[in-house]
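J.: Sharing a structure, written as structure tokens. Questions coming.
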Amino acid sequence: MTASADDVGGLIGFNSGPLKKSYAKPGTVSGANRVGGLVGRNQGTIETSYAVKSVSGTTYVGGLVGQSASNSSASGIQAQAR
């Protein structure tokens with residue numbers, strides 16, 4: 001997935017709820033700010049999820065999550081970033 005926007009994720013751009021047992025298929029994710037292999041920006045919970053992605057962006061770039069808010073949580077997660 002390639003976008004010139006913010007909040008770009010391999011599965012979800014912006015997450016504010018529970019995300020459980022999710023997987024983003026191998027591929028490429030590219031965007032501007034808050035770019036992640038699974039979720040671009042997280043303000044919810046992520047559990048037992050993983051992503052296999054090549055990720056690129058300008059700021060807040062991560063193999064699994066680009067940016068997480070202070071009130072978010074994550075457990076049992078994995079990322080294989082390329």
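The values are calculated or read from the model by the stated rules, or taken from the named source; none is laboratory data. Given the structure is predicted, the values throughout are model-derived calculations rather than measurements. Reconstructed Cβ throughout: ideal geometry from the backbone, glycine too, with neighbour counts over all protein chains shown. To get the accessible areas, we keep the full protein, side chains included, count just its heavy atoms, and leave off ligands, DNA and RNA. Shrake-Rupley method; radii C 1.70, N 1.55, O 1.52, S 1.80 Å.
J.: At a 1.4 Å probe, what is the % contribution of carbon and sulfur to the accessible area of the chain? Numbers along the way, then the final one.
T.: Values: 1990 of 4320 Å².
Ligands and nucleic acids excluded, carbon and sulfur give 46 percent.
J.: Could I ask something else about it? Report the net charge of residues surrounding Ala5, where surrounding means a beta-carbon distance below 12 angstrom and charges are Lys +1, Arg +1, Asp -1, Glu -1.
T.: The answer is 0.
J.: Tell me, what is the per residue accessible area of the chain in Å², probe radius 1.4 Å?
T.: Per-residue accessible area for the chain comes out at 53 Å².
J.: Using Cα-Cα distances under 8 Å and only pairs 6 or more residues apart, what relative contact order does the chain have, in percent?
T.: 31 percent.
J.: What dipole magnitude, in Debye to the nearest 20, does the stretch 1-63 give about its Cα centre under +1 on Lys/Arg Cβ and -1 on Asp/Glu Cβ?
T.: Values: 6 positive and 3 negative charges, 34 e Å.
Roughly 160 debye for the stretch 1-63.
J.: Taking 7 Å along the Cα-to-C-beta vector as the label spot, tell me the Lys20-Ser75 distance in nanometres, rounded to one decimal.
T.: So the two model labels end up 1.1 nm from each other.
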